[in-house]
Amino acid sequence: MLCSCINNMEIMTAKEKAIELYNNFCLVLRFEETGDGYFTNIIQAKQCALITVNEIQQAIRYLDDQDSEFFWLEVKEEIKKL
């Protein structure tokens, strides 16, 4: 399913949004940089992404928008697969 979530003017799939959230938290949670890149806690990044989606889901329940609810449910499932 596609969502009206726009990233650089492109419509994103649930999988793309899940990866974007996960990657953003990986960057925020990095703790050691080396010449080859950085180390991060991928478990924490995944948990933070899931918490974010939970908060979004709670907020949109009041909007009665079933398409958005379904989209964010898909995003949550995609994050769990990462």
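The values are calculated or read from the model by the stated rules, or taken from the named source; none is laboratory data. None of the values given here were measured: they were computed from a predicted structure. Positions of Cβ are generated from backbone atoms using ideal geometry, with glycine treated the same way; all protein chains shown enter the neighbour counts.
Residues satisfying the criterion are present in the stretch 71-82 (criterion: modelled with pLDDT under 95 and closer than 10 Å to A18 by Cα). Could you pull out the residue among T13, T40 that is surrounded by 13 or more Cβ atoms within 10 Å (Cβ to Cβ) and modelled with pLDDT under 90? Every option except T40 fails the conditions. Evaluated against (1) out of contact with any strand residue (DSSP E or B) (no Cβ under 7 Å at 6 or more places or on another chain); (2) of a type outside the set (S, T, Y); (3) part of a strand (DSSP E or B), I11 falls short on exactly one condition, (1).
Residue count for the stretch 57-81, restricted to those that are charged (D, E, K, R), under 16 Å from K15 (Cα atoms) and surrounded by fewer than 16 Cβ atoms within 10 Å (Cβ to Cβ): 5.
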